[in-house]
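*Asks:* Right, I'll just put the structure down here and ask away after.
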């Protein structure tokens, strides 16, 4: 299994509070991703990073920001959490676009906003 | 990325081969076919991928048609632990990898 650690694995927070989820990898992969998964929607890309300090938006980026100051860490921040951001969040890593590179996923972070 | 079409759900008897189809008629020449699965609410698990040739690994076989417009994932001897949602994805390492809703495979004892 790819060395991906997500923290926290479970969190309950109140509406309006900031929340940061951390993804840590030990594979030295260049690309890192944050997805969310909700019933009936499958996996949707929030943000991704293609290098240190290089990030871009996915399809559901509103309300989220990311940062990557080191190759191994990719942080997802909800500046002011809302109930619509209650979800399961998955981090993923990849060596990047190219001939058949695989994307590997972490085990998920369950976030509940009350 | 090319879109894929998969059946919403399938059943397979335990011990039999599970054959999961996927249509990707708009696939381009450099796009790979990937298969992932997700068990309960765990993170998606990589299974196999291929470009043109059929591929086999310890988990499954991937059969890609000659025109590359469809593929089949084969789990040779399905067990109850293979019950999961299976995703077929085609892409060429595009950063914005997108998943569809997949096929819910249920293995019947």
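*Asks:* Pick from the range A:64-97 the residues that are part of a loop (DSSP other than H, G, I, E, B) and over 15 Å from residue A:16 (Cα atoms): which of them is farthest from the chain's Cα centre (by Cα)?
*Replies:* Residues of the range A:64-97 part of a loop (DSSP other than H, G, I, E, B): A:71-72, A:79-82, A:86, A:95-97.
When the remaining residues are screened for being over 15 Å from residue A:16 (Cα atoms), the result is A:71-72, A:95-97.
Working: A:71: 14, A:72: 13, A:95: 16, A:96: 16, A:97: 18 Å.
Result: A:97.
*Asks:* Could I ask something else about it? Could you identify the single residue in A:89, A:33 that is surrounded by 14 or more Cβ atoms within 10 Å (Cβ to Cβ), touching a residue at least 60 places away in the same chain (Cβ under 8 Å) and more than 10 Å from chain B (Cβ to nearest Cβ)?
*Replies:* A:89
*Asks:* If you scan the range A:36-45, which residues turn out to be free of Cβ contacts under 8 Å to residues at least 40 places away in the same chain and within 10 Å of the chain's Cα centre (by Cα)?
*Replies:* Of everything in the range A:36-45, just one residue is free of Cβ contacts under 8 Å to residues at least 40 places away in the same chain and within 10 Å of the chain's Cα centre (by Cα), namely A:45.
*Asks:* Taking the options B:107, B:89, name whichever one is over 16 Å from residue B:4 (Cβ atoms) and either within 14 Å of chain A (Cβ to nearest Cβ) or in contact with a helix residue (DSSP H, G or I) (Cβ under 6 Å, 6 or more places away or on another chain) (or both).
*Replies:* B:107
*Asks:* Conditions first: (1) within 9 Å of another protein chain (Cβ to nearest Cβ); (2) part of a loop (DSSP other than H, G, I, E, B); (3) within 12 Å of the chain's Cα centre (by Cα). Residue A:59 passes all but one, so which condition is the exception?
*Replies:* With respect to (1) within 9 Å of another protein chain (Cβ to nearest Cβ); (2) part of a loop (DSSP other than H, G, I, E, B); (3) within 12 Å of the chain's Cα centre (by Cα), residue A:59 is out only on (3).
*Asks:* Can I ask one more? Which of the residues belonging to the range A:98-114 are touching a residue at least 40 places away in the same chain (Cβ under 8 Å), at the interface with another protein chain (Cβ under 8 Å from one of its Cβ atoms) and part of a loop (DSSP other than H, G, I, E, B)?
*Replies:* Those that are touching a residue at least 40 places away in the same chain (Cβ under 8 Å), at the interface with another protein chain (Cβ under 8 Å from one of its Cβ atoms) and part of a loop (DSSP other than H, G, I, E, B): A:106, A:107, A:108.
*Asks:* Looking only at the range A:36-56, count every residue that is assigned to a loop (DSSP other than H, G, I, E, B) and crowded, with 21+ Cβ neighbours inside 10 Å and tell me the total.
*Replies:* Counting residues in the range A:36-56 that are assigned to a loop (DSSP other than H, G, I, E, B) and crowded, with 21+ Cβ neighbours inside 10 Å gives 0.
*Asks:* Is at least one residue of the range A:10-20 touching a residue at least 24 places away in the same chain (Cβ under 8 Å) and closer than 29 Å to residue B:49 by Cα?
*Replies:* no
*Asks:* From B:27, B:48, which residue is assigned to a loop (DSSP other than H, G, I, E, B) and crowded, with 19+ Cβ neighbours inside 10 Å?
*Replies:* Answer to the check: B:27.
*Asks:* Now, a different point. When only residues in the range A:1-22 that are within 11 Å of chain B (Cβ to nearest Cβ) and assigned to a strand (DSSP E or B) count, which is nearest to the chain's Cα centre (by Cα)?
*Replies:* Ranking the candidates gives A:6 first.
Computed from the coordinates by the stated procedures, all read-outs in this text should not be read as laboratory data. All values derive from a computational prediction rather than experimental measurement. Quick reminder, even Gly has a Cβ in these numbers, built from the backbone with ideal geometry, and neighbours come from all protein chains shown.
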